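Report on the following structure.
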Amino acid sequence: MSIKKGIAILGSTGSIGKQALEVLAAYPDFFDLQVITANKNADLLIDQALRYRPNTVVIVDEQEYKKVSEALWNEDIHVYSGKDALCQVVESGEINLVLTAIVGFAGLQPTIAAIRAKKQIALANKETLVVAGELVTRLAKENGVNIYPIDSEHSAIFQCLMGEFKNEVEKIYLTTTGGLFHGFNRAQLKTVSREAVLSHPKRVLGPKVTIDSATFMNKGFEVIEAKWLFNLKPEQIEVMVHQQSIVHGIVQFEDGSMKAQMGLTEMKLPIQFALTYPDRFPTDFPRFNFMDHPNFTFEKPDLKSFKNLDLAFSVMEKGGTAACALNAANEFSVDAFLKNKISFMEIAQLNESLVDTHSVVSKPSYEDYVNTDKSVREQAINLIK
Ligand code: NDP
C-alpha cells in the first residue's frame, strides 16, 4: 500500500486549487493526487489532468462532460460529471484528505460527504462553516475528522494554538488589509464599479472573494469561521486592519500573553501546512525582514462604511440559520453586483434587508440549511425586481 497521502482537491481550477496543485507537485514523494474537480472550466481541468495526473476528475457541468472525457479517453483517468459525483468521488479508499476549495454554498454538500467518509479536511471553503458550522463541526467530531484551516488568518490562529492544548484562549485577533478600497469614504465607495474591482492591479483572488474582501463580508465570514473552528464566543474575536499584512493572527491567553503568527503574504504556506500538519516542510518562499517593515500599523475597521462585518456579528448572535441566510443573501448580491444590477454599496444593504426578514430556524437540520439558502435567494430575486 502507498504511504503517500492521497489528496482530493475540490475546486482545483480556482485560485486556491491552482496553488494547492503547485504545493503537491513540489513534494511528489509525499502526496498522491487522487481527484481534481471544476464547475465549468473544462479546458483548465483537462490541462491540469494531463499535467498532474490524478486518478479521477469531475466536471460538475454536465454539458462539459463530453469535452473532458474525449480529451482524457486514452489517459487512464476516470472522468465523472454532475453534482452528485463530487460527493461520491471523495469516498474513495485511496483518499486521506480532501481539500475543499470550491467557492460558496456549493462546497457544503461534498464537504459533508467527505466528513461522513472520515476523510481529513483542509478547509478553504469558509462558506461551509458559515452556513452550517454547528452541523459540520458536530459531524467532524462524531467521525474523528480534523478540519485544518487554509484561510491564512485561521491557519495563523491554529499555529499559535499548537502546544497550547490545555490553555484557555481569552481572545483572538484576525487581521485584514482592509481590501482594495480601504480608506475610501462613502461617496467614493458609491462610485466603485464592477470593472474597478475586477481589473484592480492588486487583485489576486477569485472574483467573489475579491468583492467579499472589499465589502468586509469576507472578514465577517472569517469571524464566523473562527467561532466554529476554535469554539469561541463572538466577543472573543476582534478584527483589526493591518495594512502591511505581516501579522496574520494573534491569540491572547488567560495570563495576558499573546502569540502571533507572521510572515510575508504567501497563500501556499497555509495551504501547505494544512496538508503537512504537524510537520513543516522546507520552502524557498521569500523570507520576511523586519528592517524592510519598520512600521506596523493597526486600526479599527470602518464599520459605518462597511456594514457587512457588523452583520456577521449579528447573525452569530442570532444563531440557527441566520448565518446561512446571510451567506445566501451575499452570494446573490455579489452576483447581482457582478452583473451590474446593483451598486457596490447596495451589496451590504441587500444583505441586511434579507437577513432582517429571514425567520431563523434555531436548531436546523441539513434540509433547513438547504431550504434557507433557496428561500433567501428567491426572496432576493423579488426584492431587486
Ligand atoms: P475561485 O472562484 O478562484 O475558484 C472556485 C473553484 O470552485 C473553481 O474551481 C470553480 O470551478 C469551483 N466552483 C465554482 N462554483 C462551483 C459549483 N457550483 N460547484 C462546484 N464547483 C464550483 O475561488 P477561490 O479559489 O478564490 O476561493 C475558493 C474558496 O476558498 C472560497 O470559499 C474562498 O472564500 C476561500 N479562500 C480563498 C482564498 C484566496 O486566496 N483565493 C484565501 C482563503 C480562503 P470553475 O473554475 O470551473 O468555475
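The table below lists the values:
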| read-out | value |
| --- | --- |
| Extension gain, Gln236 back to Asp76 (0.36 nm per residue minus Cα-Cα distance, nm) | 52.5 nm |
| Compactness of the stretch 216-312, expressed as Rg and Dmax over alpha-carbon positions, Å | 15.3, 43 |
| Helical segments meeting 20 Å axial Cα length and Kyte-Doolittle 0.0 threshold in the chain (DSSP H) | 127-142, 322-338, 344-357 |
| Computed over the stretch 1-143: relative contact order in percent, which uses C-alpha pairs under 8 Å that are six or more apart | 22 percent |
| Cα-based shape type of the chain, given that a ≥ b ≥ c are square roots of the gyration tensor eigenvalues and the cut on a/c is 1.5 | rounded |
| Counted charge near Gln243, where neighbours are those whose Cβ lies closer than 14 Å (Asp, Glu -1; Lys, Arg +1) | +1 |
| Contour minus Cα-Cα distance for Ile381 and Asp43 (0.36 nm per residue) | 118.5 nm |
| Cα gyration tensor category, rounded, prolate or oblate, for the stretch 1-115 with a/c compared to 1.5 | rounded |
| Net charge of Cβ neighbours under 12 Å - reference Ile150; Lys, Arg +1; Asp, Glu -1 | -2 |
| Spin-label model distance (nm) - Lys300 vs Ser359, 7 Å beyond Cα toward Cβ | 3.8 nm |
| Computed E for Tyr27/Lys141 - FRET, C-beta separation, R0 35 angstrom, nearest 0.05 | 0.75 |
| Rg to Rh quotient for the stretch 158-289, alpha carbon positions, Kirkwood Rh | 1.00 |
| Distance violations [Cα-Cα > 22 Å] among Lys18/Lys202; Lys118/Lys141; Lys118/Lys208 | Lys118/Lys208 |
| Around Gln349: net Lys/Arg minus Asp/Glu count, Cβ-Cβ under 15 Å | +1 |
| FRET efficiency, 1/(1 + (r/R0)^6) with R0 22 Å, evaluated for Arg53 and Arg203 via beta carbons | 0.10 |
| Per-peptide average of other Cβ atoms within 10 Å, ordering 364-376, 15-27 highest first | 15-27, 364-376 |
| Per-peptide average of other Cβ atoms within 10 Å, ordering 347-355, 287-295, 33-41 highest first | 33-41, 347-355, 287-295 |
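Values in this text are rule-based calculations from the coordinates and carry no lab data. Quantities reported herein were computed from a predicted structural model and do not represent experimental measurements. Because the Cβ atoms are built from the backbone with ideal geometry, glycine has one as well, and the counts that use them run over all protein chains shown.
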